[in-house]
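Novice: Quick one: structure below, then a few questions.
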Amino acid sequence: MKPDDLHKEITPEKLYFSRRKFLALVGTVGLSAALVACGITTTPDTGTASTGSLVTDTPVPDILTPLDTITHYNNFYEFSTDKGSVADLAVNYKTEPWTLEIAGLVEHPGKISVSDLMKTYPAEERIYRLRCVEGWSMVIPWNGFALHKLLSDVGVKDSAKYVKFTGPDDPANLPGQNSAFYTWPYTEGLRLDEANHDLTILATGLYGKILPPQDGAPIRLVVPWKYGFKSIKSIVKIELVADQPPTFWNLLAPDEYGFYSNVNPNVPHPRWSQATERRIGELKRRQTYIFNGYGEQVAYLYDGMDLVKNY
Ligand SMILES: Nc1nc2c(c(=O)[nH]1)N[C@H]1C(S)=C(S)[C@@H](COP(=O)(O)O)O[C@H]1N2
Ligand SMILES: [Mo]
């Protein structure tokens, strides 16, 4: 773990400790080694973030993050909470064949193989900034297709208002799922208009290559104006629903992770500022922009909404 991420693990300390206590009380064995190893500390990281001279103050270009960095610094809790271990742990994870289920309030529910999906929806390149809620960011050239294409083909019913995404439930092959601390499988959700926005994609590749398992093969969501955790990896099910669905991080820590989770420098995380970020590979911190810099395209989705309440 890089030193400046030490204070910023997304798992809140109070839950970590209360869970630990609970495990001790009931005498359960098997507390996730990864969780123990992840070094959660008490001090918020105000270091470089509050030191003006160490924050880049003039606009700087976005340069593609190298492939090797994108594929070796990963949050994928199904494998591990240690970003540097995910690539190795995921190397043999079987992502082909893979079936995606489309369910819920649609005219044409059913199952489709991801290889068929990739033939139906040819991949385009989308270069997006990815801003993790922990305060680091990358620039990633994804290959994929707009989610709205699939949604329009399956025929979303009028009663559908949200889209729920579910990750794999496979503890035999996903070591992180043996930790009962988390509510598995990983789930995420978007309001239907967010899901239908053209910036929202299903990615199947990066840098023109097939997506590696650690980045969410064979198919993952990418919503570039929201914190990275909304971009759920290795999706097995997309469900159209009437009500706002529960989500993995909101279930774990509702005070820290809301349903919307739009990148917003003005709404601090309860344990750290969101005003700046560390672009992986750079020394000075950068300013964080509202909606991760995609405000011109997406701000209208939230017209009239209180972005502090709807965090
Ligand atoms: N299924 C699943 N999807 C996930 C996560 C996860 O733990 N499990 N982590 C999220 C977080 S916190 C981030 S920042 C991004 C990281 O994507 P990357 O490793 O491809 O950069 O994936 C998101 N999608
Ligand atoms: Mo993240």
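The values are calculated or read from the model by the stated rules, or taken from the named source; none is laboratory data. Note that the coordinates shown come from a computational prediction; the quantities given were computed from them, not determined experimentally. Note that each Cβ is placed from the backbone with ideal geometry, even for glycine, and that neighbours are counted across all protein chains shown.
Novice: Just one of VAL263, VAL222 is in contact with a helix residue (DSSP H, G or I) (Cβ under 6 Å, 6 or more places away or on another chain), within 14 Å of ligand 2 (Cβ to nearest atom) and not small (Gly, Ala, Ser); which is it?
Specialist: The unique qualifying residue is VAL263.
Novice: Moving on to the next point. Inspect the stretch 139-161 for any residue being within 24 Å of GLY208 (Cβ to Cβ), part of a strand (DSSP E or B), touching a helix residue (DSSP H, G or I) at 6+ places or on another chain (Cβ under 6 Å) and in contact (Cβ under 8 Å) with a residue 12 or more places away in the chain and give the result as yes or no.
Specialist: yes
Novice: Report whether or not PHE145 is within 11 Å of ligand 1 (Cβ to nearest atom) and in contact with an Asp or Glu (Cβ under 9 Å, 6 or more places away or on another chain).
Specialist: No.
Novice: I'd like to verify a number: residues in the stretch 162-178 that are without any contact (Cβ under 8 Å) to a residue 60 or more places away in the chain and of a type in the set (A, V, I, L, M, F, W, C), how many?
Specialist: Summing the residues that are without any contact (Cβ under 8 Å) to a residue 60 or more places away in the chain and of a type in the set (A, V, I, L, M, F, W, C) in the stretch 162-178 gives 1.
Novice: To continue, here is another question. crowded, with 17+ Cβ neighbours inside 10 Å, within 16 Å of ligand 2 (Cβ to nearest atom) and polar (S, T, N, Q): does that describe THR204?
Specialist: Answer is no for this residue.
Novice: So, one more: Kindly indicate whether any position in the stretch 211-218 is surrounded by fewer than 17 Cβ atoms within 10 Å (Cβ to Cβ) and either within 15 Å of ligand 1 (Cβ to nearest atom) or at pLDDT 95 or above (or both).
Specialist: no
Novice: So, one more: Read through the list (1) exposed (fewer than 13 other Cβ atoms within 10 Å of the Cβ); (2) within 15 Å of ILE210 (Cα to Cα); (3) within 16 Å of ligand 2 (Cβ to nearest atom), then give the number of the only condition that THR71 fails.
Specialist: (1)
Novice: Sticking with this one: Say we look at the stretch 232-263 and pick out the residues that are closer than 22 Å to TYR294 by Cβ and among the aromatic types (Phe, Trp, Tyr); which of these is surrounded by the fewest Cβ atoms within 10 Å (Cβ to Cβ)?
Specialist: The selected residue is PHE259.
Novice: Can you tell which of GLU277, GLU239 is part of a strand (DSSP E or B) and either within 13 Å of ligand 2 (Cβ to nearest atom) or free of Cβ contacts under 8 Å to residues at least 60 places away in the same chain (or both)?
Specialist: When all the criteria are applied, what remains is GLU277.
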